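Asker: First the structure, which I've put down as structure tokens, then a few questions once you've had a look.
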Amino acid sequence: MKKMTRVALITSGGDCQGLNAAMRGIGKALYNRIANLEIFGMYDGYRGLIDGDYKFMEPKDFAGILTEGGTILGTSRQKYVPGKDIVDDEGNSLIPAMKDTYNRLNLDCLVIMGGNGTQKSAKLLMDAGMNVVTLPKTIDNDIWGTDTTFGFQSAVDIATNVIDYIHSTASSHSRVFVVELMGRDAGWLTLHAGIGSGADIILIPEIPYDISYVIKAIEERRRHGKGFSIVAVAEGAKSVTDQVLTEEESRRRREESKHSTISYEIAAQIEAAIGQEARVTIPGHYQRGGPPCPYDRVLATQFGAAAAELIVNKQYGRMVALQDGAVVSIPLEEAASRTKFLPTDHQLIKVARDIGISFGDC
Ligand code: F6P
């Protein structure tokens, strides 16, 4: 009798569209390709592996979930000590408990779907002797080594749609609208949605802005008869003066500010400078919700099948990735080593500048 293969699925960190589609891809491909197989679904990300809280997943569990948003397994965030450990609130390592569950279930591999933080944590589990295959998911598109992640295109669609709808009301009232999109560290989502929706000004973490240039761009539009302006701002955008602050100083500055987020501050600065009404719209987690768009369904299915292929071939310690249109895999340590920021000389930034979009830097 052929040896039993045992695989556990984990969805970790912030959710996004396409997680269920990816699990469906993994589950269907594994059940089709491996005769003696058990798949365990860990509840709430690493929490399930820590607590030994899981369900056995049969082929029927992977049916009917292609278009479902979120994750049927649930997710959570864990405290990560950079490059060293995953710990509880008291600072105790949680890796031994995870290894215990791994050994107790006699697992061959963990398939971990996650963003930047999750890839780094997965690398720690690999270093602790567990076999790991990972998939890149996040609406931020900031995972190193892959051209894109699933969740990103769905969020771009939603964010673009939000700004499309804002356009008509902004135009009717001749107002400035500051639309704040997700992206703490990287501006991919804001750049794509900003260009896709015809935003006039795009502010992203990678290009510190000077508010006087933002105001200049709005005034120039007014001089050309455009009474309204749309500013697309990534939540992590920083002014030139704030970019020198440490993480701790930035946190304190936000706490002490009367503006809860960067977009309220920018709107207030615009109103104070030119007296034009400025409103703020923050779609927030709406950007991560609902069904994956068709592109993400296809991508997540491809990634899922590729993860199954790695397991069939016992190629562990790798992240599935998209490079130049091809699904490949790269060493997990490479994927976990850095963040994929938006290069400031990226072709899309040049395109945006060519058509007159301001980045608040000149
Ligand atoms: O990393 C994905 C992301 O949606 C970021 O864009 C955002 O800053 C963050 O997660 C929000 O996290 P939470 O869901 O924990 O509020």
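Asker: For residue 23, which of the numbered conditions (1) open to solvent by less than 30 Å² (accessible area, probe 1.4 Å); (2) free of Cβ contacts under 8 Å to residues at least 60 places away in the same chain; (3) not in a strand (DSSP E or B) fails to hold?
Answerer: (2)
Asker: Out of all the residues in the stretch 108-116, is one or more more than 24 Å from residue 284 (Cα to Cα), in contact with a Lys or Arg (Cβ under 6 Å, 6 or more places away or on another chain) and modelled with pLDDT of 95 or more?
Answerer: Step one: filter the stretch 108-116 for residues more than 24 Å from residue 284 (Cα to Cα), giving 108-112.
Still in the list and also in contact with a Lys or Arg (Cβ under 6 Å, 6 or more places away or on another chain): 108.
After this cut, where a residue has to be modelled with pLDDT of 95 or more as well, the list is 108.
Looking through the stretch 108-116, at least one residue is more than 24 Å from residue 284 (Cα to Cα), in contact with a Lys or Arg (Cβ under 6 Å, 6 or more places away or on another chain) and modelled with pLDDT of 95 or more.
Asker: Still on this structure: List, please: which pairs have Cβ atoms under 7 Å, are six or more places apart or on different chains, and start with a residue in the stretch 252-270 that is of a type in the set (Lys, Arg) and end with one that is outside any helix (DSSP H, G or I)?
Answerer: Listed pairs, sorted by first residue: 253/245.
Asker: Collect the residues in the stretch 239-262 that are within 17 Å of residue 187 (Cβ to Cβ) and either open to solvent by less than 70 Å² (accessible area, probe 1.4 Å) or in contact with a strand residue (DSSP E or B) (Cβ under 6 Å, 6 or more places away or on another chain) (or both), keeping them in residue-number order. Before the answer, list the steps.
Answerer: First pass over the stretch 239-262, keeping only residues within 17 Å of residue 187 (Cβ to Cβ): 239-240, 242-243, 250, 261-262.
239, 240, 242, 250, 261, 262 - these are the residues of the stretch 239-262 that are within 17 Å of residue 187 (Cβ to Cβ) and either open to solvent by less than 70 Å² (accessible area, probe 1.4 Å) or in contact with a strand residue (DSSP E or B) (Cβ under 6 Å, 6 or more places away or on another chain) (or both).
Asker: Considering only residues that are more than 16 Å from the ligand (Cβ to nearest atom) and assigned to a strand (DSSP E or B), look in the stretch 229-251 and name the one that is farthest from residue 168 (Cα to Cα). Before the answer, list the steps.
Answerer: Filtering the stretch 229-251 for residues more than 16 Å from the ligand (Cβ to nearest atom) gives 229-231, 239-246, 248-249.
Within this subset, residues satisfying the condition of being assigned to a strand (DSSP E or B) are 229-231, 239.
On the way: 229: 11, 230: 11, 231: 14, 239: 28 Å.
Filtering the stretch 229-251 for residues that are more than 16 Å from the ligand (Cβ to nearest atom) and assigned to a strand (DSSP E or B), the one farthest from residue 168 (Cα to Cα) comes out as 239.
Asker: Among the residues of the stretch 1-12 satisfying the criterion of being at pLDDT 95 or above and open to solvent by 10 Å² or more (accessible area, probe 1.4 Å), which is farthest from the ligand (Cβ to nearest atom)?
Answerer: 4
Asker: Follow-up. Tell me which of these residue 273 doesn't satisfy, since it passes every other one: (1) touching a residue at least 40 places away in the same chain (Cβ under 8 Å); (2) assigned to a loop (DSSP other than H, G, I, E, B); (3) over 29 Å from residue 333 (Cβ atoms); (4) open to solvent by less than 70 Å² (accessible area, probe 1.4 Å).
Answerer: Every listed condition holds for residue 273 apart from (2).
Asker: Quick check, is residue 64 under 25 Å from residue 139 (Cβ atoms), surrounded by fewer than 24 Cβ atoms within 10 Å (Cβ to Cβ) and modelled with pLDDT of 95 or more? Spell out the reasoning first.
Answerer: Values: under 25 Å from residue 139 (Cβ atoms): yes; surrounded by fewer than 24 Cβ atoms within 10 Å (Cβ to Cβ): yes; modelled with pLDDT of 95 or more: yes.
Yes, satisfied.
Asker: Condition (residue is farther than 22 Å from residue 343 by Cβ and aromatic (Phe, Trp, Tyr)) applied to the stretch 133-146: is it met by at least one residue?
Answerer: no
Asker: Residue by residue through the stretch 216-235, note down the ones that are open to solvent by less than 10 Å² (accessible area, probe 1.4 Å) and small (Gly, Ala, Ser). Break it down into steps so the answer makes sense when it comes.
Answerer: Residues of the stretch 216-235 open to solvent by less than 10 Å² (accessible area, probe 1.4 Å): 218, 229-234.
Scanning the stretch 216-235 gives 229, 232, 234.
Asker: Of the residues in the stretch 293-339, how many are assigned to a strand (DSSP E or B), of a type in the set (A, V, I, L, M) and open to solvent by less than 40 Å² (accessible area, probe 1.4 Å)? Break it down into steps so the answer makes sense when it comes.
Answerer: Let us first name the residues in the stretch 293-339 that are assigned to a strand (DSSP E or B), namely 318-323, 326-331, 339.
In the following step, the residues that additionally are of a type in the set (A, V, I, L, M) were identified as 319-322, 326-328, 330.
Restricting the remaining residues to those that are open to solvent by less than 40 Å² (accessible area, probe 1.4 Å) gives 319-322, 330.
Looking only at that region, the number is 5.
Asker: If I ask for residues that are farther than 18 Å from residue 313 by Cβ and in contact (Cβ under 8 Å) with a residue 40 or more places away in the chain, which ones from the stretch 28-41 would you list? First the steps, then the outcome.
Answerer: The first filter runs over the stretch 28-41 and keeps only residues farther than 18 Å from residue 313 by Cβ, leaving 38, 40-41.
Answer for the stretch 28-41, where residues must be farther than 18 Å from residue 313 by Cβ and in contact (Cβ under 8 Å) with a residue 40 or more places away in the chain: just 40.
Asker: State which residue is modelled with the lowest pLDDT when the search covers only the stretch 252-270 and only residues that are in a loop (DSSP other than H, G, I, E, B) and within 16 Å of the ligand (Cβ to nearest atom). I'd like the intermediate steps shown before the answer.
Answerer: Keep residues of the stretch 252-270 that are in a loop (DSSP other than H, G, I, E, B), which gives 257-261.
Add one more test, that the residue is within 16 Å of the ligand (Cβ to nearest atom), and what stays is 260-261.
Values: 260: 92, 261: 95.
Step by step, filter the stretch 252-270, then rank; the result is 260.
Asker: Exactly one of (1) open to solvent by 50 Å² or more (accessible area, probe 1.4 Å); (2) small (Gly, Ala, Ser); (3) more than 28 Å from the chain's Cα centre (by Cα) is unmet by residue 196. Its number?
Answerer: Looking at each condition in turn, residue 196 falls short on (3).
The values are calculated or read from the model by the stated rules, or taken from the named source; none is laboratory data. As the structure is a prediction and not an experimental result, all values here were calculated from the model. All Cβ positions, glycine included, derive from the backbone under ideal geometry; neighbour counts span all protein chains shown. Side chains included, ligands, DNA and RNA excluded: accessible areas come from the protein's heavy atoms. Shrake-Rupley method; radii C 1.70, N 1.55, O 1.52, S 1.80 Å.
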